[in-house]
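**Q** Okay, here's the structure, questions in a sec.
The values are calculated or read from the model by the stated rules, or taken from the named source; none is laboratory data. Computed from a prediction, not measured in an experiment: that's the story for all the values here. Neighbour counts are summed over all protein chains in view; Cβ atoms, including those assigned to glycine, are modelled from backbone coordinates with ideal geometry. Areas reflect the complete protein model, heavy atoms only, side chains present, ligands, DNA and RNA absent. Shrake-Rupley method; radii C 1.70, N 1.55, O 1.52, S 1.80 Å.
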Amino acid sequence: MRDVIIVGGGPAGCFTGERLAEKGFRVTIVEEHGEIGQPMCCAGIIGAERFKETGIDPEKWSVNELKEGVFHSPPDKSTSLTRNETEAYVIDRSNFDRCLAERAARAGADIRLGSRCIGASRSGDRVSIKVKNREKEETLDSRVVIGADGANSIIARRFDLINDFSPIIGAQAEIVGSPTNSAAHVFLGNDLSKNFFAWVVPAGEVYRVGLGDKKTNVRKKLLEFIKNSPILPENSRARIVNFTTGLIPKAGGRKVYGDRVLLVGDAAGHVKPLTGGGLYLGLSCAGIAGDVLAESLADEPCGENLQEYEKLVVEKFGQEFELGERALRIFQNMADEDISEFFEFLEEPRIKDMVLENAAFDRHSELLKMLIKEGPELFRKFGFRRLLKYLTWLR
């Protein structure tokens, strides 16, 4: 019997698997796709500062450096924020994912590609998963199972760990072009997306162009956005070389552990609420999961201290989830005129300086806490009614 089965061979699953295999535990990673890193529905942006906490240098996979964020609001306004320094890297996600899988394999993890988990159960001191591949169905037993199988995690569902399943549906296209700048563009507006936003990111020889929303045809919306975007090459729809869709989970909408079960990455809801980015948060929390589980596996009965995982995650990222969710609610409730007004607000020199001084790519809570702290001064400068409808959501 294995010590750990990890369902999902993405970054969080392989990172956790490497951590445990290095400590001598018997680890099997099952991945439903026949190739690690495909398909990929992700802008592939990694912050330049915090990500190195994971022990991984993102520059190795960089295809672009980002130094500027340009935010577009209806009807045709834009605001640029830059400190003229590298804030993030756009990476080759497929190669990044494969490298993490190779590291896990070198550490001793057994990786099984083309193996889809179709069931899971728990009995006494073991957890069993049913796996289907081209040749057969088989049952694999382990002491603990880790769900690293994305927002629609079968492990989270089978063990009743999802409290709030209300994901954003995302679609992304890669468009052949010659991006020359270092700016990521974000587009807001209710006609475009009532719950999220669209993005255009330079990624080497292509543009990564995406859109997220709920309960709508995001593919159709994205194709329309590509057709009308003024910053993309002419006839961009004919230049699409890759098109993918995926789910972005609600941040913090799940219990991340159960009896002999852990969740990591998107399966755990470990994403930034405002942007849905999950690479830094996912790997950071996966590292915590690996350390806690290694201690738990050293004894039997196994799993008695798995609640420590949730506790440590909340200690490190609890405010990030809470404040980010409140800020997201603001944007989801804004009319277009509110969005336009908010961008005018950001253009005020005092506010722009404040944002640039406090903004952190992977720690949105730092900026949000500053805005709450500066609330009284902002009320005096810009008017009570204008700011109350925004700031009260953050408290």
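**Q** Which aspartates and glutamates, on any chain, are close to LYS220 with Cα under 14 Å apart, when same-chain ones fewer than 8 places away are left out?
**A** LYS220 reaches ASP191.
**Q** While we're on this one: Roughly what would the spin-label model give for GLU102 and ARG134, points 7 Å off Cα along C-beta, in nm?
**A** Calculated label separation equals 2.4 nm.
**Q** Report the GluC sites (Glu not before Pro) located in region 6-47 that are in a DSSP loop and have at most 16 other Cβ atoms inside 10 Å of their Cβ, or state none. It would help to have the intermediate numbers written out before the result.
**A** Working: sites: GLU18, GLU22, GLU31, GLU32, GLU35; in loops: GLU31, GLU32, GLU35.
Those satisfying the criteria are GLU35.
**Q** Tell me the GluC sites (Glu not before Pro) within region 61-100 that lie in a loop according to DSSP and have at most 15 other beta-carbon atoms within 10 Å. Each step should come with its number before you reach the end.
**A** Values: sites: GLU65, GLU68, GLU85, GLU87; in loops: GLU85, GLU87.
For GluC sites (Glu not before Pro) across region 61-100 that sit outside H, G, I, E and B with at most 15 neighbouring Cβ atoms in 10 Å, the list reads GLU85.
**Q** Related question: Using 0.36 nm times the number of residues separating THR244 and ASP191, minus their current alpha carbon distance, what extension gain do you get?
**A** Values: separation 53, 0.36 × 53 = 19.08 nm, distance 2.18 nm.
Full-extension gain reported as 16.9 nm.
**Q** What does the extension gain come out to for LYS60 and ARG157, with contour length at 0.36 nm per residue minus their alpha carbon separation? Working shown, then result.
**A** Details: separation 97, 0.36 × 97 = 34.92 nm, distance 3.57 nm.
Between LYS60 and ARG157, full extension yields an extra 31.3 nm.
**Q** Cut-off under 28 Å on the C-alpha distance; same-chain residues fewer than 8 positions from LYS316 excluded. Which lysines are left, in chain and number order?
**A** LYS23, LYS52, LYS60, LYS67, LYS250, LYS255, LYS272, LYS352, LYS369, LYS373
**Q** Roughly speaking, to the nearest percent, how much of the chain's 1.4 Å accessible area is carbon and sulfur?
**A** Values: 7980 of 17570 Å².
Result for the chain: 45 percent of the exposed heavy-atom area is carbon or sulfur.
**Q** Does a label point 7 Å from the Cα of HIS33, set along Cα-to-beta-carbon, have any residues of region 226-258 with amide nitrogen under 12 Å, and which are they?
**A** 243-247
**Q** Suppose each label sits 7 Å from its Cα in the direction of the beta carbon; what would the SER178-ALA298 distance come out to in nanometres?
**A** It is 5.9 nm.
**Q** Something else about it: Per residue, how much accessible area does the chain show when a 1.4 Å probe rolls over the protein heavy atoms, in square angstrom?
**A** Working: 17570 Å² over 395 residues.
So the chain comes to 44 Å² accessible per residue, rounded to a whole number.
**Q** Something else now. Calculate the tail of P(r) for region 286-348: the fraction of all Cα-Cα distances greater than 20 Å, expressed in %. Intermediate values should be presented prior to the final figure.
**A** Working: 1044 of 1953 pairs.
Within region 286-348, distances greater than 20 Å cover 53 percent of Cα pairs.
**Q** Now, a different point. Just how far, in whole angstrom, is region 52-111 from region 132-165 if you go by their alpha carbon centroids?
**A** 28 Å
**Q** A further question on this structure: Grab the alpha carbons of the chain, take their convex hull, and tell me the volume per residue in Å³. Mind dumping the intermediate values first?
**A** Working: hull volume 52.6 nm³, N = 395.
Output value, Cα hull per residue: 133 Å³.
**Q** Suppose only helical runs count, i.e. DSSP H with n ≥ 4. What mean residue ellipticity at 222 nm does that imply for the chain under -39500 (n - 2.57) per run, divided by all residues and rounded to the nearest 500 deg cm²/dmol?
**A** Details: 11 runs with 137 residues, N = 395.
It lands at -11000 deg cm²/dmol.
**Q** So what does ARG219 come to for accessible area, using a 1.4 Å probe and Å² rounded to 10?
**A** Roll a 1.4 Å probe over it and ARG219 shows about 120 Å².
**Q** Please give the Cα centre distance for region 252-306 versus region 1-18, rounded to the nearest Å.
**A** Using only Cα atoms to place each centre, the spacing works out to 11 Å.
**Q** Take region 1-127, drop everything but the C-alpha atoms, weight them equally and run the Debye formula without solvent; then report log10 I(q)/I(0) at 0.22 Å⁻¹ to two decimals.
**A** -1.24
**Q** About its Cα centre, how strong a charge dipole does the chain have in debye, to the nearest 20, once Lys and Arg get +1 and Asp and Glu get -1 at the Cβ?
**A** Charge dipole, the chain, about its Cα centre: 940 debye, nearest 20.
**Q** Considering only DSSP beta bridges with both partners in the chain, what is the antiparallel share in %, to the nearest 5?
**A** Details: 55 of 75 bridges.
Here the share of antiparallel DSSP bridges comes out near 75 percent.
**Q** Under the rule a/c < 1.5 gives rounded, and otherwise a/b versus b/c splits prolate from oblate, where does region 168-248 land using the Cα gyration tensor? Could the numbers behind the result be given before it?
**A** Values: a/c = 1.72, a/b = 1.58, b/c = 1.09.
Prolate, since a/c reaches 1.5 and a/b exceeds b/c.
**Q** Run the 1.4 Å probe and let me know the accessible area of CYS99, rounded to the nearest 10 Å².
**A** For CYS99, the solvent-accessible surface is approximately 20 Å².
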